[in-house]
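Every number in this text was worked out from the coordinates using simple rules, so none of it is lab data. Note that the structure is a prediction, hence the values are computed from the model and not measured. All Cβ positions, even for glycine, are placed from backbone atoms using ideal geometry, and neighbour counts span all protein chains on display.
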Ligand SMILES: [Zn+2]
């Protein structure tokens, strides 16, 4: 039924457009008509917002001395680094985090087989129980 | 010129001795023709794991960070000198990383697999190894003879 009503409306809509074009020939109405013209130079208003990973969104520089940040990407049970499907980081940031964690562990700043107890209460950046990347389906 | 960062873990000592060790380690950098940009004291704390060095087991350490420039060829000598220093528990030299701007590619990475560039490349790569198929060149889209 909805479809039918739209079909009925369509010819009426066409007439309206034709009528406005006849009015636009008169010099007095021309400026107002141009005002009503849609602005075709504007950006696509329906364009979807590009998703960004949490580190890129807040523009955070990963550094091996910032152990409090790095330990959030570490499992409290095994001390291993969470993968990309869990952390939800982009490829570049994940590689950076991984290399900085290995650097920190090698320099004696960060634990290897566990997360240090002082960082256990830190807020969770991602859900480790649900290791699925964000998607639209 | 590459700026290096030296992470130095010293054993627990009274302050005058720590000063001596820092002076000694800094002098070794100057001896190699380098210069120091910054020395940072990151404090004394429990180490995340116990370390044994020079016949002693350490569970606490004083953390110091040097930022310095030195000819790259002398890095190995420098590390060797610190390895023989009995007051140094652990030492690591890293390059100071300059933050390089890059674009976040998360949007492309969360697309369904057939739309991802790396998956498409992988499929194209796998197709290269397919067995060549016999071309009959008859111009027909079916096999005209009895099988
Ligand atoms: Zn990112």
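Before moving on, here are some points about what is shown:
- Residue A:78 being within 9 Å of chain B (Cβ to nearest Cβ) and either part of a loop (DSSP other than H, G, I, E, B) or within 15 Å of the ligand (Cβ to nearest atom) (or both): no
- Subset of segment B:105-117 (residues that are within 10 Å of chain A (Cβ to nearest Cβ) and either more than 16 Å from the ligand (Cβ to nearest atom) or part of a strand (DSSP E or B) (or both)): B:112
- Hits in segment B:72-104 (condition: within 16 Å of the ligand (Cβ to nearest atom), facing another protein chain (nearest Cβ under 8 Å) and surrounded by fewer than 17 Cβ atoms within 10 Å (Cβ to Cβ)): B:99, B:102
- Residue match in segment B:122-143 (condition: within 13 Å of chain A (Cβ to nearest Cβ), at negative phi and in a helix (DSSP H, G or I)): no
- Of the residues making up segment A:85-125, those that are more than 8 Å from chain B (Cβ to nearest Cβ), within 16 Å of the ligand (Cβ to nearest atom) and either without any contact (Cβ under 8 Å) to a residue 60 or more places away in the chain or in a helix (DSSP H, G or I) (or both) number 10.
- Test result for residue B:29, assigned to a loop (DSSP other than H, G, I, E, B) and surrounded by 12 or more Cβ atoms within 10 Å (Cβ to Cβ): no
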